[in-house]
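Input: a single structure, listed below in structure tokens.
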Amino acid sequence: MSALLLPNEILSMSAQAARLLVESGDGDGALLYLALLECGGDAGKAAARLRWQDARLRPAWERLAALGLATPPSSAPAPAPRQDARLPEYSRTEIASAMEGEPVFRGLYRELEGMLGRVFTDNDLKCLYTIYDYLGFPTEVILLLTGFVVRRERRQKNNPAACPRMPQIQKEAFRWKRLGIDTLERAEDYLRRQEAVDGREWAVLSAVGVAERRPAVEREREYIAAWVDMGVSDELIRMAYERTVFKKGAMNWPYANKILQSWHAAGYKTPQQVEAGDRPPQRAKPGGPAPALPKDFQPTQDRIQKNNDWLDQFLAEQRKGGG
């Protein structure tokens, strides 16, 4: 693998790397490679910079690894501490001191008590202080995070009164940290994309054969988010589902995802474009008739104008010759 170069503020790419990326036709792989260049080759920072769902990020890593342009993600450093790492053991005295001496934290926990509809226990306060102190989330981000987990809990349980526990919110906070969602701007951008997923969730589930209305499980939602990010239509998703069932005998999310990624890389936006791309080009036989134009063929305005000009010239020449 060629070394990643970052001289001052100029991003440098070898001609070989550029050629490999262009020939691969993988737009996500190219974006990931640019993110690696920008982040000086730090895989964790590059992943956080893109803020993609795992269903979109993993194939891009695999493509770069196959091309020899990046370290496989398994050996990439984590961008943030995981929840199973050793957490700080906050004592009751430390929590009490924070509640007394940090007005921001005191106002935050009271606001969350109102959002969750209960008085916090010692464990609830430890979870919140871990997010506030150990992860270093701004209060605005913590409030957005909590509201997001509350809405998700109510959607998944189909209960408008359901509320999550603080350990659930802490777990989601660690996930946000790994994704680099630790500023107000990034949190708002992430939530906007999640709203787009919410609006498409049931339509996508229907397109892949789910008959009974239900919320998507976490892994399904990651794929749906990746497809929404790519701008894939429900019609293309349905087509990918049908091809997946034909090949695999049942719905297989990773297989359908690879189909949609290949269509996205090829620039296909409609089922008609996919069908046309799948068919071999028609070639006229020597001495035979030219292949028929499709029924919906529409000549361009430039072609129409050229035909009109030719016809005017032909008629003028006929008049000159007395024809």
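The values are calculated or read from the model by the stated rules, or taken from the named source; none is laboratory data. Remember, it's a predicted structure, so these values are computed and weren't measured experimentally. Reconstructed Cβ throughout: ideal geometry from the backbone, glycine too, with neighbour counts over all protein chains shown. We work out accessible area using only protein heavy atoms, side chains counted, and drop any ligands, DNA or RNA first. Shrake-Rupley method; radii C 1.70, N 1.55, O 1.52, S 1.80 Å.
Roughly how many nanometres apart are two label points built 7 Å out from the Cα toward the Cβ at Ala211 and Arg165?
Reported label-point gap for Ala211 and Arg165 is 3.6 nm.
Can you pull the one-decimal nm distance between simple spin-label points at Arg86 and Glu102, each 7 Å off the Cα toward Cβ?
2.1 nm
How much of Arg19 can a 1.4 Å solvent probe reach, expressed as accessible area in Å² and rounded to 10?
120 Å²
With the crude spin-label approximation of a point 7 Å out along Cα→Cβ, what separation in nm comes out for Leu184 versus Arg219?
3.9 nm
I'd like the FRET efficiency for Glu62 and Glu140, computed as 1/(1 + (r/R0)^6) with the beta carbon distance as r and R0 of 41 Å, rounded to 0.05. Display every interim value, and only then the final one.
Working: r = 36 Å, r/R0 = 0.88.
The pair Glu62/Glu140 has a calculated efficiency of 0.70.
What's the FRET efficiency of Thr93 with Ala276 using the Cβ-Cβ distance as r and R₀ = 51 Å, to the nearest 0.05?
0.15
Starting from 0.36 nm per residue, how many nanometres of slack lie between Lys248 and Glu113 once their C-alpha separation is accounted for?
Numbers: separation 135, 0.36 × 135 = 48.60 nm, distance 4.84 nm.
Contour length minus Cα-Cα distance gives 43.8 nm.
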